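The values are calculated or read from the model by the stated rules, or taken from the named source; none is laboratory data. Owing to the predicted nature of the structure, the values given are computational and were not obtained by experimental measurement. Don't worry about glycine lacking a Cβ; one is built from the backbone with ideal geometry, like all the others, and counts go over all protein chains shown. Just so you know, the surface numbers come from the protein's heavy atoms only, side chains and all, with ligands and any DNA or RNA stripped out. Shrake-Rupley method; radii C 1.70, N 1.55, O 1.52, S 1.80 Å.
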Amino acid sequence: MNHLLKLADLSSEEIVEILNLADQLKYEQKNGIEHPLLKGKTLGMIFQKSSTRTRVSFETGMYQLGGAALFLSPRDLQIGRGEPVQDTARVLSRYLDGIMIRTFAQSEVEALAEYGSIPVINGLTDYCHPCQVLADLMTIREYKHSFKGLKLCFIGDGNNVANSLIVGCIKMGMEVAIGCPESYKPDADIMKWASENGKFTCTPDIFAAAKDADVLYTDVWASMGQEEEFKERCKIFSAYQINDEVMAAAKPDAIVQHCLPAHREEEVTEKVFEAHADEIFDEAENRLHVQKAVMVRLMGKKQHE
Ligand code: CP
Ligand code: NVA
């Protein structure tokens, strides 16, 4: 494993190894055991879109690992004035030990990895959100103890988070059901791969999707970069909400996950969100632990590989 560009690049074993290391790092951090595994290393963080969780968890995580993180805004970088990503990659590789990037096009992340000579971590693109789903898998395993026989239902837009969830959950042997409008399905190639490699369905019938689910997941109706479509999307997605009726279709002990930020009374009701807040904020916390594991694997010494 040289980069984290998308979950499809990782084997199931590699994902489990990251989750195991994340559990260990979480235990150590909770018990005051220091783990300066990236002492003297620096992570550059390029953000072309807003962030609360990704920025703070990477920066804090790097600090806890004994290293440093640099927040690189496109407003300040020459990349914002048109310096090619290929050149940015080669320059940053001379200073840094790793790059985390949040941007629009997946191709930009792939180009950084191709032209640079240091590990690149995808902190969200329009195509996928691998760090988020590693944290989701960690949380699901904490609550359900194993992935065996579990069904995850995602309700809403077939977006970046849905794409990564499908890949991550199928790789862990879970069943995945997507409930989304006909014109807002996840990536076609990912759905094809999922159907060929596991138990996967995609339907506009949210109750069929939610039936007997162990995990109900949702995300905003309009992602970053789709702000102008918001009003139209509100009409199209109005029925794609996790509410009491949808919860009733799932298993009685189903957990709710949301990558956040959440829009209450849109993709999830206030009531369901607050009833499952512990699960959702554990999920947000696990971004920290799982990303520390990813950084140790990518930027640390060989014994952590
Ligand atoms: N879930 C997530 O990636 O949150 P941020 O946009 O706040 O980083
Ligand atoms: N789908 C959302 C996820 C935010 C973490 C977006 O891309 O804006």
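A few points about this structure:
- Rg and Dmax of the chain, both derived from C-alpha coordinates alone, stand at 18.8, 55 Å.
- Cα-based Lys proximity count in the range 140-209, under 18 Å, for pairs eight or more positions apart or on separate chains: 8
- Using the 1.4 Å probe convention, the accessible area of the chain works out to 43 Å² per residue with neighbouring protein chains retained.
- Counting only Cβ charges, +1 for Lys and Arg and -1 for Asp and Glu, the dipole size of the range 178-280 around its Cα centre is about 260 debye.
- Coordinate range along principal axes, alpha carbons of the range 202-305, Å, largest first: 50, 38, 27
- Across the range 50-171, the relative contact order, built from alpha-carbon pairs under 8 Å that are at least six residues apart, equals 18 percent.
- Based on every Cα atom in the range 32-91, Rg and the maximum pairwise Cα distance Dmax equal 13.6, 45 Å.
- Choice from LEU92, LEU216, LEU43 showing the highest fluctuation, given a GNM over the chain with Cα pairs closer than 10 Å: LEU92
- Helix content alone sets the calculated 222 nm mean residue ellipticity of the chain: runs of n ≥ 4 DSSP H residues at -39500 (n - 2.57) each, divided across all residues, give -13500 deg cm²/dmol.
- Helical segments meeting 24 Å axial Cα length and Kyte-Doolittle -0.5 threshold in the chain (DSSP H): 277-299
- Put a plus charge on the Cβ of each Lys and Arg, a minus charge on the Cβ of each Asp and Glu, and nothing anywhere else: the dipole of the chain about its Cα centre is then about 880 debye.
- HN-Hα J in Hz across the range 119-124 - Karplus 6.51, -1.76, 1.60, θ = phi - 60°, x for Gly and Pro: x, 10, 10, 7, x, 2
- Grouping the Cα pair distances of the range 39-141 into 10 Å bins from zero gives a pair-distance distribution of 15, 49, 32, 4, 0 percent in increasing distance order.
- Long-range HN-HN contacts of ILE121 with modeled amide H, under 5 Å: LEU4, ILE99, MET100, ILE101
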